[in-house]
């Protein structure tokens with residue numbers, strides 16, 4: 001599945017601080033895995049307040065969400081209202097030579113997401129890329145979450161299709177959806 005899906009979601013300095021049980025939508029963004037996760041029937045059944053995709057596209061490096069790019073504009077618009085959480089699943093399309101820059105780009109992108117949302121404590125859930133010659137990306141994801149108290153990392157390694165960058169369809173995405181919602185619920189009861 002390719003092509004950007006249009007979305008809804010985030011922003012407002014009035015958004016609840018960590019620990020709030022206020023119900024707001026969730027925005028998912030990233031590559032094809034993010035699209036599949038968002039489209040997973042389980043995601044909408046698990047969360048009744050709305051799950052939308054903001055700036056989703058297959059086979060795109062993180063620079064595709066750089067300032068003033070079409071994917072950033074879509075994502076920016078999606079996060080321009082209160083959200084419960086922002087979910088990011090991307091990284092499998094990074095070129096080898098760009099991998100060392102991934103951490104800095106991830107930090108910058110998540111800062112822009114929170115800025116546009118108006119909530120510096122917006123919960124960010126990163127679904128970690130499955131292992132596939134991308135240890136630098138995986139380490140950048142772990143490092144971001146370790147240094148950000150308002151973020152969580154979801155592991156889906158056990159759901160991986162052998163020799164591929166994706167998890168098993170559809171069951172793997174159903175399980176991934178449940179893990180994402182568990183991470184959100186644990187952080188924001």
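The values are calculated or read from the model by the stated rules, or taken from the named source; none is laboratory data. Being a predicted model, the structure only gives us computed values, none of them experimental. Because the Cβ atoms are built from the backbone with ideal geometry, glycine has one as well, and the counts that use them run over all protein chains shown.
Considering only residues that are crowded, with 24+ Cβ neighbours inside 10 Å and under 12 Å from residue 30 (Cα atoms), which ones fall in the stretch 89-105?
Result: 89, 90, 91.
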- Query: In this structure, does residue 161 turn out to be exposed (fewer than 15 other Cβ atoms within 10 Å of the Cβ), in contact with a strand residue (DSSP E or B) (Cβ under 8 Å, 6 or more places away or on another chain) and more than 18 Å from residue 60 (Cβ to Cβ)?
  - Reply: yes
- Task: For the stretch 85-189, please list each of the helices (runs of 4 or more DSSP H) lying entirely inside it that holds at least 1 residues being at pLDDT 85 or above, within 15 Å of the chain's Cα centre (by Cα) and over 21 Å from residue 55 (Cβ atoms).
- Result: 135-146, 171-187
- Item | Test: residue in the stretch 130-149 that is in contact (Cβ under 8 Å) with a residue 60 or more places away in the chain and under 18 Å from residue 62 (Cβ atoms) | no
